[in-house]
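Since every read-out is calculated from the coordinates, none of them should be taken as a lab result. No experiment lies behind these values; they were computed from the predicted model shown. Backbone-built Cβ (ideal geometry, glycine too); neighbour counts: all protein chains shown.
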Amino acid sequence: MLYLLQLIENEMIVSLEKQTRTVQGKEVPLKSYVNPSTGDVEVLVDAGELEDLEGLELHWAVQGPEGREWSLPPSSIRPENSRDFGDGKALRTPPTCAEENSFRFVIPRAASEETGVTGIVGILVSGENWLHGEDGKGDLSIPTCAPDPNSNAVVERAAAEEAVSGDAGGFERGGIGLFRRYQLASELLDEARAGAKGAGAMLAWIRLSANRQLQWYTSGNYQGKDMASLQKSFAENVAGCVSDGRLDPLVRHLFRNVMATLPRGGGNGDDIRMGILNILRTHGIKEGHRPGIEDTFLAQWHQKLHSSTTVDDIAICEAYLHFLRTGMWDDFWGHLWDHGGLSREDLGAMKVGWKNNSGITGPANHMPHMIPDFEHLLWILKVTHSGGDLDTAMTMARGHLPDDVAWEVDDLLQNRDAWWVPGKIVEIRSKLADQWKNPGCPRDVLLLDICLESFLRTKIEQIDLYSLSDDDVISVAELALRSGTISTDDPGLVNALHLWQRMMSEESRWSEEWARAADSALEYLSISLGKFMDGLTSVTQPAAEAIGQAAKVPDSYILNFGEEIVRGHPLFVLSGMINRLQKPIKAASGGSTWNVVSPLSGDAKGEILVENLSELQGESFEAAPIVLLSEGLGGLEDIPEGVVAVLTASPIDILSHIAIRARNTGVFLASCSDTKEWEAMSATGKGVPAKVCCDSTTGKIFLEEIAEAELLANGKRGEKKVVEALKLIPPEKSENWVLTPSEYKRGVVGGKSFNLGALHKISKELSGVTTPSSFSLPFGSFEKALESDGEADSELKDALKGLKEAAGGPEEVRRELEAIRSLVGSLSLPEELRAELQDSLQAGLEHVPGSEMIEGELWEAVKSVWASKWTERAYLSRKACGIAEEDLSMAVLLMDLVPAEYAFVLHTTNPISLDANEVFGEIVVGLGEALVGNDPGKALSFLYNKESESVKILTLPSKPTAYFAPEEGSVIARSDSNGEDLESFAGAGLYDSVATLGTVASPVNYSNEPLMWDAQFQEELATRIAKIALQVEGHCGTAQDIEGAIRQGEVYLLQSRNQVVA
């Protein structure tokens, strides 16, 4: 063990797991580590605290990737003196260090990979005594590899255990009850904490249970002390996940939501069983064979409390006390339903305990003298089961709070209706966070914080936002957002808070300049909030569907499960405040009358239909895509299949049902606040083919009439009209695999490479301007790579033939396209290409890929570019324009990925007004991926007047995410086909560009970003790049569309092409 400790101190090993089990009242540490230099895993079970145990051994087995079954350990990992237990599953091993009663195993990396061992399970034994864990955590279980964050283990296990028979009734239906569910959930915590997928599945499972969609009671019984201990252990372990700073913030927050649905656990659970017995005996009530007063209700409830106590018993006890005070038995049922949500049928189904075949039906005798005793029993029940009651939570947490914080909470509870309560809640929560975010904090502090957050939402929802001034709403929004960031630690929301606070601190409120910043802050908040909430639904909805299907939960409940999690989230109140502030802020900024809730994820093209969405529920438009103009919108409608865009005159909450559904399905959704503008758009003819467009300058949404043929490229099915075939210029074949910039010739390489070569020459004449190093795989390289792999060449020809003959509709086409992309991805790297790449790249690129990267990431990136010829969108676009498959050729441009601080796109003629005297530009933080990828939010946009050399800032940035090059540098493979930048075919953007090492996405903190706040910086930067654009335009002789980047003051020109001016 000393050896292990030395390695830990010297940071020579990496911890996989540290945990403890309580055995005979003593803690037994369990640890597993991986040695990074060898990959070997070492496991330690330290039973040194256990004393006076004769014949101590570890009864143990291994787990594999298939689950938690015990399997006999392979010989390669068995310590000396181990013996086979004889059941074909387990070994018995004495302590490897007898003096310290510790067990140490070494699992060689090779053995782990060969056998698939993922963990060790075991039980300590002493002679004939099995020393089981006493803390509700189960027996020893130690992972020997990091859990898979993409594993479906939680969903699969939960669905298997919850599966019920739809034909049977009662306990014969199968499935599990609440006690067993908590046991299984405890066992699966390691898998759940591995990533958001597992944590989301845990939340879905426990929430389905808490909302009584999964059964609570089965024929199996347990004592109250067992349930109390299990609930306490599970709640403590979940609280440990919430405070574990090693976990992703979203994972921690999902566990916080799990905690919000759990009972507290603990207390003396046996007091529940003995408490009801003492009451019955004290007051002479009959129990079992003991004679006494007959009381049907108490006899039935006593059996439940004895064998299956749950949080339901709090509601039952409160309803019974209400009956004892009123004397009316019907009052029991009314109180039970109104305050506990339990019906007669629910209690009738609680057929648990000894010879209880009727559940809890009553009636009860009116014995008001028992009120004090049952008030005491209610307290015992709350100690064990209560979790969400603010007063109880404070009582339980009091002993763990600093005196000043305890005083503040007490003061708040005594003044719940005071105007200052919302602000005081956030102040207290900020202090509590210092406790519950640290490991080892008692669960009661976390439960108190959860209750305070819930109370804050209640207080905010009581506010009439439209009776407040705009400034007051801004302040309430800051309060809600500050509280939300305490709970979530979401980087995007934290940055949104900092930006919001900076906006609030600025002077000259409601000036046009201030309102422009406020508009960006509001949009940043809206996008960040939507992204966060969409993340919650994406990891809970699929899990709820799988578990719900197994447990026969009604489809109507599961359909909107993820949305209900969003609606129940404390941050949901921000949605109404965002909606409330949009109109006054946009009016003050002179900004767009449009609010985009679900952004464009591609081209939104379809036939125009003017009709309220509520009238189209249940309809389908798969035969022809639809752009819907719906004047009215309630927010709860579903979007029919085939609708690609919904434009409305009604305000839309960012977290409404339809907003979430639109973002999840990629449907464009936006609302217009200008009545005249909406009326003009609605006058557009029904059935007219149109494309939804967004003016980057003004933020205005408008419809552009298109040709019928363009709908085919958007996936329209139905009658096909004759389209005149578009002919591409045949490329010239090159003898070389790789070309340098001096060898870029039109027809040999695509437009990107050719234009970059021209920019390379231009940049030499400009001060502070450069172009990145590059090379090109010219036209014909793909075909040569195919020829060198005869099998793949033959298979691809067959696949292309199958695509041409596909007659089974869209699904068959998708399958054929996927098969083609897979074939391209399987190509082997030709030796001649590898050699040329090695020589050429070493001679020119700043970030030179090594041999491993050339044969790995770089080659994969090149193949991905080639394969992007056969994405569905690219294929349908070519088909719509009559382009033959063999006419489209793909070259690949390889260039350094510039580690940009800012990226820009410039049009030397204003693309909206077509004013040749104006340069229109957009600038974003980081790489241009946020621009060309159409990420939600705005860039900084500006107009530069060529005559006056003046700059007008149009919009400030609000894109929440920026993309950066990895620190170690990267190379990007860019598509470079002969079908791009054509006046008659918009081929740009159809094909992929792939960075070898990817890019790093990071939330942008605009609170101190000069692109947002420094007017001088904005004007100087815009002026500088606009003047460079004019010089490029002068060299090219026509208007240019230019992409560039800025790094350490140097301007990099990445691409320039002739601007198409309509």
Ordered by fewest other Cβ atoms within 10 Å, a rough proxy for footprinting exposure, V610, V34 read V610, V34
Using only the C-alpha atoms of the range 475-587, find the volume of their convex hull and express it per residue in Å³. 95
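I'd like the FRET efficiency for D139 and A349, computed as 1/(1 + (r/R0)^6) with the beta carbon distance as r and R0 of 41 Å, rounded to 0.05.
Rounded to the nearest 0.05, the efficiency is 0.80.
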Between the range 548-576 and the range 793-826, the alpha-carbon center distance in angstrom: 39
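Go through K31/K552; K531/K586; K676/K946 and tell me which ones have a Cα-Cα distance over 28 Å in this structure.
Details: K31/K552 40 Å; K531/K586 22 Å; K676/K946 34 Å.
Violating the 28 Å limit, Cα to Cα: K31/K552; K676/K946.
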Does anyone have the angle between helix 491-505 and the longest principal axis of the chain? Alpha-carbon axes, 0 to 90°, nearest 10? 80
5 Å is the cut-off here: which amide hydrogens, built 1.01 Å from N in the peptide plane, fall below it relative to I285, excluding neighbours closer than 5 in sequence? I293
Peptide ranges 523-529, 478-484 listed from the most packed, as the mean C-beta count within 10 angstrom indicates: 523-529, 478-484
At the level of C-alpha centres, the distance separating the range 302-328 and the range 200-260, in angstrom, is 24
Total charge of the residues flanking P108 in space, meaning their Cβ is under 13 Å from its Cβ, with Lys and Arg +1 and Asp and Glu -1, is -2
Note the angle between two axes, namely the Cα long axis of helix 270-282 and the longest principal axis of the Cα atoms of the chain, as a number of degrees from 0 to 90, rounded to the nearest 10. 40
In nm, give the distance between the simple-model label positions of N365 and K459, each being 7 Å from the Cα along the Cα-to-Cβ direction. 4.8
Between H339 and N278, 0.36 nm times their residue separation minus their Cα-Cα distance comes to what? 19.3 nm
Using Cβ contacts closer than 10 Å as the measure, can you line up K225, K1027 from fewest to most? K1027, K225
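Where does each of 990-997, 853-860, 881-888 land if you order them by average Cβ count within 10 Å, highest first?
The peptides rank, most packed first, as 990-997, 853-860, 881-888.
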Over the C-alpha atoms of the chain, what are the Rg and the largest Cα-to-Cα span, Dmax, in Å? 33.7, 108
Based on the alpha-carbon gyration tensor of the range 557-647 and its eigenvalue square roots a ≥ b ≥ c, which shape applies: rounded if a/c is under 1.5, prolate if not and a/b is larger than b/c, or oblate? oblate
Order of 491-497, 817-823 by packing, highest average Cβ count within 10 Å first? 491-497, 817-823
Mean residue ellipticity at 222 nm from the helices of the chain, using -39,500 (n - 2.57) per DSSP H segment of n ≥ 4 over the full residue count, to the nearest 500 deg cm²/dmol? -13000 deg cm²/dmol
Note the angle between two axes, namely the Cα long axis of helix 810-825 and the longest principal axis of the Cα atoms of the chain, as a number of degrees from 0 to 90, rounded to the nearest 10. 80
So for H132, H760, H369, H306, fewest C-beta neighbours within 10 Å to most, what's the order? H369, H132, H760, H306
